[in-house]
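Nothing in this text is a laboratory measurement; each read-out follows from the coordinates by a stated rule. For clarity, every value in this text was computed on a predicted model and none was experimentally measured. Cβ coordinates were reconstructed from backbone atoms using ideal geometry, including for glycine residues, and neighbour counts include every protein chain displayed.
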C-alpha cells in the first residue's frame with residue numbers, strides 16, 4: 001500500500017543498493033522485495049534522476065522493516081501520546097503510529113513536496129482518518145500541534161535541533177539516528193528534562209539517509225593540493241596502526257566523536273592495497289595512510305594545521321584502551337548551547353566531543 005512501483009532494494013546491513021525492481025515489469029519480484037527485510041530506495045538525487053539505473057545519491061526510502069519496528073519499540077508510545085515524526089517518506093511509519101495512537105495524535109513532516117503529496121495519497125487509501133502531513137523543514141518541528149510526548153526522526157542528524165526539545169513535554173522522548181561527519185551512526189534515545197536539556201544513550205547501530213539540511217558540501221581533493229603533487233608539503237612518518245582498524249562502523253563513530261569536521265575517502269589498488277585519505281572540511285588539512293597487505297607498519301603523510309592521522313589514531317587508541325565499548329555505552333546531552341557525548345554517564349565525557357551551537 002505504501003511502496004511505489006519502482007524501487008531499488010538494499011541489503012540488510014550496509015548502504016548498498018541492488019538493481020531496479022519494477023512492479024509493472026515483474027510483480028512477483030516487486031512483491032518479494034516489499035516483503036523482504038531490506039530497505040527500499042524510492043528516490044535518487046532529490047527526484048532529479050528518473051532512469052532505471054541507480055542515481056548518485058539516494059534521497060528517500062522505505063526503511064528496513066526490522067529497524068522500523070525496533071525504533072518504534074524504543075519510542076515506547078502509550079495511549080493518548082502525541083507524536084511528531086520527522087521524515088514522512090512513503091507514509092508507512094506514520095500509518096503504523098496512527099494505527100496505534102489514532103491519526104489525530106500524529107503529525108509528520110516531509111521536506112520534499114512531491115514525496116509529501118504521495119504520502120498523503122497513500123495514507124488516504126489507508127485511512128480515513130489520516131495523520132497531518134506537513135510539507136516543511138523538519139528541523140523546525142511543528143509548533144502548531146506542540147507539545148509532543150514523542151518525537152521520532154526517520155532521517156539521521158549530526159545536530160539534534162533545539163526546536164525538537166522545546167516542543168517535547170518534560171519527560172518526553174526524542175528518538176533519532178545520530179552520527180558524526182566522519183562516519184558511523186546509531187539510534188539515540190533522549191529524555192527531555194525540565195532544565196531545557198535532553199539526554200540519553202544510544203540503543204543500536206543504524207544507517208539512515210542524512211536529513212537534507214544537514215548534508216555538508218565536502219571539498220574535493222583538489223582543494224587540498226591546489227595544483228601541487230603528492231606529498232606536497234606533507235610530513236612523512238609511519239604508524240603501526242593499520243588503516244583497516246579504523247574502518248569499521250563503530251570505530252568510525254568513535255573517531256568521529258573525537259575528530260570533528262573530518263571525513264575520509266579511499267583509493268584502492270589492484271593488489272589489495274589502498275590509501276586512506278582523511279580531510280578536514282575546512283579545506284586546509286589532509287592525511288594519507290597507505291595500507292599494504294601483510295605489512296606491520298604503514299606510511300603516513302600529513303599536512304596542514306591539523307595532524308589528522310594523529311587525531312584519528314589517538315581517538316582509536318582511546319577507544320581500544322577501554323576495551324572497545326559498543327554503541328549502547330555512549331550517550332548524548334543536548335542543550336541550547338552545546339551537545340556533549342559521553343561514555344556510560346555524563347561524568348565521563350568523550351575527549352573533545354563537545355559541539356557548540
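Using Cα-Cα distances under 8 Å and only pairs 6 or more residues apart, what relative contact order does the chain have, in percent?
Values: 759 pairs, mean separation 38.3, N = 357.
Value for the chain: 11 percent.
For 202, 263, what ranking results if the residue with the fewest other Cβ atoms within 10 Å of its Cβ goes first? Please report the intermediate quantities before stating the final value.
Details: 202 22, 263 18.
So the residues, fewest neighbours to most, are 263, 202.
Taking a ≥ b ≥ c as the square roots of the Cα gyration tensor eigenvalues, with a/c under 1.5 meaning rounded and otherwise prolate when a/b beats b/c, else oblate, which class fits segment 221-320?
Here segment 221-320 falls in the oblate category.
Just want to confirm a number: the relative contact order over segment 182-323, from Cα pairs under 8 angstrom separated by 6+ residues, in percent.
Once normalised by length, the contact order is 23 percent.
Subtract the Cα-Cα distance of residue 354 and residue 117 from 0.36 nm times their separation in residues, and report this length gain in nm to one decimal.
81.5 nm
Would you calculate the separation in nanometres between label points at residue 191 and residue 226, each defined as 7 Å from the Cα along the Cα-to-beta-carbon direction?
Reported label-point gap for residue 191 and residue 226 is 5.2 nm.
Tell me the angle of helix 113-126 to the major Cα principal axis of the chain, expressed in degrees between 0 and 90 and rounded to the nearest ten.
40 degrees
For segment 272-349, what does the relative contact order come out to in percent, with C-alpha contacts under 8 Å and a separation of six or more? All intermediate terms of the calculation are to be shown ahead of the outcome.
Details: 99 pairs, mean separation 13.8, N = 78.
Relative contact order of segment 272-349: 18 percent.
Along the Cα→Cβ direction, 7 angstrom out, place labels at residue 45 and residue 25. What is the inter-label distance in nm?
1.8 nm
What shape does segment 6-62 take by its C-alpha gyration tensor, where a ≥ b ≥ c are the square roots of the eigenvalues and a/c under 1.5 counts as rounded, a/b above b/c as prolate, and the rest as oblate? Numbers along the way, then the final one.
Values: a/c = 2.12, a/b = 1.21, b/c = 1.75.
Oblate, because a/c is 1.5 or more while a/b does not exceed b/c.
Return the distance in nm (one decimal) between the two label points of a simple spin-label model at residue 1 and residue 270, each offset 7 Å from Cα along Cα→Cβ.
So the label points at residue 1 and residue 270 sit 5.5 nm apart.
What 222 nm value per residue comes from the helices of the chain, counting each DSSP H run with n ≥ 4 as -39,500 (n - 2.57) and dividing by all residues, nearest 500 deg cm²/dmol? Each step should come with its number before you reach the end.
On the way: 8 runs with 76 residues, N = 357.
The helix-only estimate for the chain comes to -6000 deg cm²/dmol at 222 nm.
Estimate the FRET efficiency between residue 125 and residue 73 by the formula 1/(1 + (r/R0)^6), using the beta-carbon distance for r and 30 Å for R0, to the nearest 0.05.
Values: r = 26 Å, r/R0 = 0.88.
Taking R0 as 30 Å, the efficiency between residue 125 and residue 73 is 0.70.
Between residue 244 and residue 323, 0.36 nm times their residue separation minus their Cα-Cα distance comes to what?
Extra length available between residue 244 and residue 323 comes to 26.7 nm.
Can you sort 81, 99 so the residue with the fewest Cβ neighbours within 10 Å comes first?
With the sparsest Cβ surroundings first, the list reads 99, 81.
How long is the gain from residue 143 to residue 204 if the chain were fully straight, where each residue apart is worth 0.36 nm and the alpha carbon distance is subtracted?
Numbers: separation 61, 0.36 × 61 = 21.96 nm, distance 2.93 nm.
Contour length minus the Cα-Cα distance gives 19.0 nm.
Can you sort 313, 217 so the residue with the fewest Cβ neighbours within 10 Å comes first?
Listed from fewest to most nearby Cβ atoms, that is 217, 313.
I need the calculated FRET efficiency for the pair residue 53 and residue 297, taking r as the beta carbon distance and R₀ as 45 Å, to the nearest 0.05.
0.60
Quick check for you: which residues of segment 190-220 have the amide N under 12 Å from the point 7 Å beyond the Cα of residue 170 toward its beta carbon?
192-197
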